[in-house]
Amino acid sequence: MKEIVILSGKGGTGKTSVTAALAHQAALAQPGRWLLADADVDAANLALLLEARATVAEPFVSGAVAVIDRDTCSDCGACEAACRYEALAQIDGRWQVDPIACEGCGACLDRCPSEALSLVPQTVGTCRRSETPYGPLHHAHLNPGQENSGKLVTAVKRRARAQAEAEGCAGLLVDGPPGIGCPVIAAVSGASLALLVTEPTVSGREDLERALATVRHFRVPARICINKADLYPEGTRAIEELGAALGVATIARLPFDLSLAEALAAGRPVTAHRPEAPVSRALAALWTTLQAPLGHTAGSA
Ligand code: SF4
Ligand code: SF4
């Protein structure tokens, strides 16, 4: 089974619009044969472009936080010295745990003479499955202030892979998170191909270089898609040269096209909303290119 993850070095490059268009193309080419996953759990919005209807929502539990039993606590303050994370503080004369700062290490439990502290599992987000006209979508939402987004990405991908394998799907399209941190590593892990969406700007080139280094570290083949490539040809050339120097092919140059913004506002893939628009034709061609055997696309890394 193919697994294509769409990434960008930073947010705002058009990554999710590209993913939505590819989901539409996959559904046209092989109806019911591709599954979708949104691994951008900090700002999951692929569902908004795919007319998604949530059918399953499950709490995602990861790690634990300390909790004080108010009836047992004598407010002696002995627990504070054990906490390296400054998660214990006195408010209005009563000791409290800051659940955002607490790392769930459990060091404070042994210090409490009243056995008033305990660790409770923490719900850090919600895993969802939705039906869309373009195939089932697995996605998730991380609760505010939570740090376990890498684990939540892994949970989303596990669920999506399990369904795809059980149903004998041809592939899985993953909308990856921006940046180069843990969530990106979790999204890239085990992928057949990473498609990096960038823009022809100085920051686009810098961010792409860092994202490529991350992807290549995990030995995942990469390709480049330049959005708004015609706005700054010199910048486009610089990105193509960077890719060529690293042995990574640029396989799509999307033109600037207001249809993309119109499709965003309408909450639809641009290829479904304006199939004849120049950007839609370029995205359809990108899908065709991605269907070449993954190991044989020109200029592979
Ligand atoms: S569990 Fe660890 S981090 Fe949390 S309050 Fe206790 S000592 Fe601090
Ligand atoms: S050590 Fe125990 S009893 Fe003392 S303030 Fe902390 S939780 Fe309360």
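For the range 198-210, the criterion of being out of contact with any Ser or Thr (no Cβ under 7 Å at 6 or more places or on another chain) and open to solvent by less than 20 Å² (accessible area, probe 1.4 Å) is satisfied by no residue at all.
Among the residues of the range 160-175, those identified as out of contact with any helix residue (DSSP H, G or I) (no Cβ under 7 Å at 6 or more places or on another chain) and either assigned to a helix (DSSP H, G or I) or among the β-branched types (Val, Ile, Thr) (or both) are ALA160, ARG161, ALA162, GLN163, ALA164, GLU165, ALA166. Looking only at residues in the range 243-271 that are open to solvent by 20 Å² or more (accessible area, probe 1.4 Å) and touching a residue at least 60 places away in the same chain (Cβ under 8 Å), the one that is nearest to PRO233 (Cα to Cα) is LEU260. All of (1) within 15 Å of ligand 1 (Cβ to nearest atom); (2) more than 19 Å from ALA43 (Cα to Cα); (3) surrounded by 15 or more Cβ atoms within 10 Å (Cβ to Cβ); (4) not hydrophobic (A, V, I, L, M, F, W, C) hold for TYR134 with one exception: (1).
Considering (1) surrounded by 20 or more Cβ atoms within 10 Å (Cβ to Cβ); (2) away from ligand 1 (no atom under 16 Å from the Cβ); (3) assigned by the TED database to the domain that holds ALA263, the lone condition that ARG128 does not fulfil carries the number (3).
Within the range 48-75, the set of residues being surrounded by 13 or more Cβ atoms within 10 Å (Cβ to Cβ), closer than 30 Å to GLU262 by Cα and not aliphatic (A, V, I, L, M) comprises GLU51 only. Within the range 77-107, the residues that satisfy the criterion of being touching a strand residue (DSSP E or B) at 6+ places or on another chain (Cβ under 8 Å), assigned to a loop (DSSP other than H, G, I, E, B) and within 9 Å of ligand 2 (Cβ to nearest atom) are GLY77, CYS79. Once the range 204-236 is narrowed to residues that are polar (S, T, N, Q) and in contact with a helix residue (DSSP H, G or I) (Cβ under 8 Å, 6 or more places away or on another chain), the residue that is farthest from ARG281 (Cα to Cα) is THR214.
The values are calculated or read from the model by the stated rules, or taken from the named source; none is laboratory data. It should be emphasised that the depicted structure is a prediction, and the values quoted were computed from it without experimental measurement. Positions of Cβ are generated from backbone atoms using ideal geometry, with glycine treated the same way; all protein chains shown enter the neighbour counts. The protein model used for the area step is the full one, side chains on, heavy atoms only, and it has no ligands, DNA or RNA in it. Shrake-Rupley method; radii C 1.70, N 1.55, O 1.52, S 1.80 Å.
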